[in-house]
1. Can you pull out the helices (runs of 4 or more DSSP H) entirely within the stretch 83-178 that have at least 2 residues that are on the phi < 0 side of the Ramachandran plot and more than 26 Å from the chain's Cα centre (by Cα)?
2. Kindly evaluate residue 24 against the criterion of being open to solvent by less than 90 Å² (accessible area, probe 1.4 Å), touching a Pro at 6+ places or on another chain (Cβ under 8 Å) and either among the hydroxyl-bearing types (Ser, Thr, Tyr) or at pLDDT below 85 (or both).
3. For the stretch 58-81, name all the residues that are open to solvent by 30 Å² or more (accessible area, probe 1.4 Å) and farther than 15 Å from residue 264 by Cα.
4. Which residue out of 16, 39 is more than 21 Å from residue 264 (Cα to Cα) and either open to solvent by less than 40 Å² (accessible area, probe 1.4 Å) or not hydrophobic (A, V, I, L, M, F, W, C) (or both)?
5. Given the structure, is residue 177 open to solvent by less than 80 Å² (accessible area, probe 1.4 Å), touching a residue at least 12 places away in the same chain (Cβ under 8 Å) and farther than 30 Å from residue 236 by Cβ?
6. Would you say residue 96 is out of contact with any Pro (no Cβ under 9 Å at 6 or more places or on another chain), surrounded by fewer than 18 Cβ atoms within 10 Å (Cβ to Cβ) and not acidic (Asp, Glu)?
7. For the stretch 42-53, give me each residue that is aliphatic (A, V, I, L, M) and in a helix (DSSP H, G or I).
8. Restrict the check to the stretch 54-63 and report whether at least one residue is outside any loop (DSSP other than H, G, I, E, B) and at pLDDT 80 or above.
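The values are calculated or read from the model by the stated rules, or taken from the named source; none is laboratory data. These figures come from a predicted structure and were not determined experimentally. Methodologically, a virtual Cβ is constructed for each residue, glycine included, from the backbone with ideal geometry; neighbour enumeration extends over all protein chains shown. Ligands, DNA and RNA are excluded from the accessible area calculation, which covers all protein heavy atoms including side chains. Shrake-Rupley method; radii C 1.70, N 1.55, O 1.52, S 1.80 Å.
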Amino acid sequence: MAANRKKSCLDEGTGYRVFSVFNTCLLVLILFLTAYPVYFVLIASISDPTKMVANYGLMWLPHFPLSLTSYRMVFRHSLLLSGFGNTLFIVIVGLAFNMVLTVLGAYLLSLKNSLLKKPIAYLILFTMYFSGGIVPGYLNIKSLHLMNTLWALILPGAISTYNMLIMRSAIGALPDALMEAAKLDGASHFQRILNVVVPLTGATSAVLMLYYAVGHWNAWFNASLYIQSPSRFPLQLVLRQVLILGEDSEMASGMDAGSEIAAATVIKYALIVISTVPIMLLYPFLQRFFVKGVMIGSVKG
């Protein structure tokens, strides 16, 4: 019997080691497949343009001599700075609308005895699974006279049902005694939101702010539908014009044909870096809130 138990423990130890080795190799492979494209774009953007075109393919080190010419050329683009400004406006103003409406909606759904709570909750949940579609949305924006304005990129997506449900769970996880105490002290609903809900759901709010900010920063499709003036293009639409439509001649102007083709290649990588780095800088500051914020309210006592 002792021998069988010893053999069983040995088998479990061997199986665990095999699993650990396999799991480690798999995670390293996933890490490589995820990180290498980012690394490639970064080193390609500072590589010598001529050598980059001549030796295009898998690359571990940049092609020397290192050059920042591509970044200087990118800032020649007349729409880059206006694209940055438009995107920052959309992110800042849109984020303010998003968080205010999300907190207000989540607070309403978390109240115990609010009037018409269930019908309102069902109507909100319905919009999570069914939408009007592109054509009704376009006609709606047009009828509201929002065409060719940045508000067309902010107001239609002012609230996310999924994010509001996350916030509702976070508010629902707060002790009822806190709300009762605030009510007994004479606090209004807005005072309870500002003094109780907002401070105690900071982790969840940080996560939702990141979700909303990344969504605004990366959005380009609605802008391609509703924005006609190039001066109102957000940054991602400018990026699309260069990467897909090939509108990089303005940045590489003044070169011979061969050099212009070589420069156009590294210009695209430099533009990707410039448009990606600002939003990536948010992650180190908000990463610690992720697990805590999303898990709040997931387990009820």
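1. Working: elements: 117-129, 134-143, 161-172.
Result: 117-129, 134-143.
2. On the way: open to solvent by less than 90 Å² (accessible area, probe 1.4 Å): yes; touching a Pro at 6+ places or on another chain (Cβ under 8 Å): no; either among the hydroxyl-bearing types (Ser, Thr, Tyr) or at pLDDT below 85 (or both): yes.
Here the answer is no, as residue 24 does not meet what is asked.
3. Scanning the stretch 58-81 gives 58, 60, 61, 63, 64, 65, 66, 78, 79, 81.
4. Values: 39 fails: more than 21 Å from residue 264 (Cα to Cα).
Result: 16 is the single residue among 16, 39 that is more than 21 Å from residue 264 (Cα to Cα) and either open to solvent by less than 40 Å² (accessible area, probe 1.4 Å) or not hydrophobic (A, V, I, L, M, F, W, C) (or both).
5. Details: open to solvent by less than 80 Å² (accessible area, probe 1.4 Å): yes; touching a residue at least 12 places away in the same chain (Cβ under 8 Å): no; farther than 30 Å from residue 236 by Cβ: yes.
Spelling it out, it is not the case that residue 177 is open to solvent by less than 80 Å² (accessible area, probe 1.4 Å), touching a residue at least 12 places away in the same chain (Cβ under 8 Å) and farther than 30 Å from residue 236 by Cβ.
6. Working: out of contact with any Pro (no Cβ under 9 Å at 6 or more places or on another chain): yes; surrounded by fewer than 18 Cβ atoms within 10 Å (Cβ to Cβ): yes; not acidic (Asp, Glu): yes.
Taking the combined requirement at face value, the residue satisfies it.
7. So the first thing to find is which residues in the stretch 42-53 are aliphatic (A, V, I, L, M), and the list is 42-44, 46, 52-53.
42, 43, 44, 52, 53, listed by residue number.
8. Checked against the condition, which is being outside any loop (DSSP other than H, G, I, E, B) and at pLDDT 80 or above, the stretch 54-63 yields no hits at all.
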